[in-house]
1. Would you pick out the residues in the range 267-326 that are of a type in the set (Ser, Thr, Tyr) and open to solvent by less than 20 Å² (accessible area, probe 1.4 Å)?
2. Within the group Arg348, Arg338, which residue is out of contact with any Cys (no Cβ under 8 Å at 6 or more places or on another chain), open to solvent by 30 Å² or more (accessible area, probe 1.4 Å) and closer than 22 Å to Leu196 by Cα?
3. What's the total number of residues in the range 100-121 that are in contact (Cβ under 8 Å) with a residue 60 or more places away in the chain and either among the charged types (D, E, K, R) or touching a Phe, Trp or Tyr at 6+ places or on another chain (Cβ under 6 Å) (or both)?
4. Within the range 137-155, track down each residue that is farther than 20 Å from Thr92 by Cα and surrounded by fewer than 21 Cβ atoms within 10 Å (Cβ to Cβ).
5. Of the residues that sit in the range 79-106 and are part of a helix (DSSP H, G or I) and touching a Lys or Arg at 6+ places or on another chain (Cβ under 8 Å), which one is farthest from Tyr128 (Cα to Cα)?
6. Answer yes or no: is there a residue in the range 26-39 that is modelled with pLDDT of 95 or more, assigned to a helix (DSSP H, G or I) and of a type outside the set (Gly, Ala, Ser).
7. Among the candidates Ser404, Ser318, which residue alone is of a type in the set (Gly, Ala, Ser) and over 30 Å from Ala237 (Cα atoms)?
8. Please go through the range 239-257 and give me each residue that is buried (at least 21 other Cβ atoms within 10 Å of the Cβ) and of a type in the set (A, V, I, L, M), ordered by number.
Amino acid sequence: MKVFKFGGASINSIERIENVAAIIQSFSGQKLLIIISAMGKTTNALEKVAEAFFAGNKETALQLFHEIKKEHLTILAQLNPAATNILNDLFTEVEWLLHDKPVRQYDYYYDQIVCCGELLSTAIVSNYLNSIDIKNNWIDVRDIVRTDDNFREAVVDWNFTQQKIQEDIVPAFTATGIILTQGFIGATDENESTTLGREGSDYTAAIFANMLDAESQTIWKDVEGVMNADPKLFADAQFIAALSYTEVIEMAYYGAQVIHPKTIKPLQNKSIPLHVRCFLNPASPGTIISNLPVHHLPPVIVLKTNQVLMQFNSKDFSFVEDMLVNKLHQLFVEIKIRPNLSQNGAIRLYCCLDNWPEKIEKLALAASELFDVQVEKDVVLLTIRHYTEAIVAELTVNKTELLSQKTKETLQILLKNN
């Protein structure tokens, strides 16, 4: 049994949905559990719906959602006109919410609205596959993946989820060799929708691969495989044919977008290889990620833009160690924000964080009771694994270095354009 995950770019047009169908058909006779993300930019569009609703702009939220409905119904009608009613229940689930007034935290409403994207895309693709005789069983993953109520970053209840997979998923393979479900989302024990963090579909696929003892997991993307840098930012990015689990965990930790940070551990625990392949060129073998060590890798470059440097200075020149640092870390936990880089001095602490305006403002306000706080925006965090002097010089030319840290394998530099 294999687990496949197709991202939103793989189904953002009729032609690409047909291409996904052809890929699935090429594995005819094999058991497949397939996870599909929301179409194209649907998640971004649904985020705008959530923002408008939470701001009290009900009519704007409904209009934005109407546009999403129209786009999905148009695609469905072109693929299989006989099934235009299949999405109505999913639309109604969101529209009922949009007619209410927000009385809970934003993250709760975000999850109830944004989860719709994966449900819509998988319902459409599942129905299309059945219409062309690629028989599959569509399952609402919220009935399978149980989580806590930490909305937008929900934690999976592994024991309950394992039980549901054995009870519901394993028997479903006897009816059809293909099961199609969603990534990124789950539900609490009160049936409230949750999300596992942005790009969490890879992680969902890994959960299923682990619990089903899959032969392999494949992530189908619009690139040849794993690259040493983002090809949209670096024209000379190099393809990497093989990587170890450890290397990919390091890459993900520092912000490389190709693999979700949580994805590797469930696979590593059972030595399940992860393939990253191109849906535009399915004949290409792509990248394989496994337990095997890989040597002589090129420099791996991760560039995180839209960063903030926060400087926390002791108010009375006392050391910031121990109690003050502990209190600051408690604030990080409470506000749900994690430094991408931190560095201690005797009387000050530096932290580089993603620029989430509402969280940065909340953190600065709360921390100002303990420290004198300075905030510098529009900075860039450059991380280079397997760095060389030449690549460092090339990537830092005409930039001011604000902060740096390095180990034998990894260099991180916080930069500002001159």
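The values are calculated or read from the model by the stated rules, or taken from the named source; none is laboratory data. Just so it is clear, the structure is predicted and the values come from calculations on it, not from any experiment. Don't worry about glycine lacking a Cβ; one is built from the backbone with ideal geometry, like all the others, and counts go over all protein chains shown. Ligands, DNA and RNA are stripped out before the accessible areas are found, and what is left, the full protein with its side chains, is counted by its heavy atoms. Shrake-Rupley method; radii C 1.70, N 1.55, O 1.52, S 1.80 Å.
1. Of the range 267-326, the ones of a type in the set (Ser, Thr, Tyr) are 271, 284, 287, 290, 305, 314, 318.
Within the range 267-326, Ser284, Thr287, Ser314 qualify.
2. On inspection, the qualifying residue turns out to be Arg338.
3. Qualifying residue count for the region: 3.
4. So in the range 137-155, the residues farther than 20 Å from Thr92 by Cα come out as 137, 144-155.
The answer is Asn137, Asp148, Asp149, Asn150, Arg152, Glu153, Val155.
5. Narrowing the range 79-106 to residues part of a helix (DSSP H, G or I): 79, 81-83, 88-98, 106.
Among the residues that remain, those that are also touching a Lys or Arg at 6+ places or on another chain (Cβ under 8 Å) are: 91, 98.
Details: Phe91: 19, Leu98: 29 Å.
Of everything passing the filter in the range 79-106, Leu98 is farthest from Tyr128 (Cα to Cα).
6. Looking for residues that are modelled with pLDDT of 95 or more, assigned to a helix (DSSP H, G or I) and of a type outside the set (Gly, Ala, Ser), one finds none in the range 26-39, hence no.
7. Unique residue meeting the criteria: Ser318.
8. Selection gives Ile240, Leu243, Val248, Met251, Ala256.
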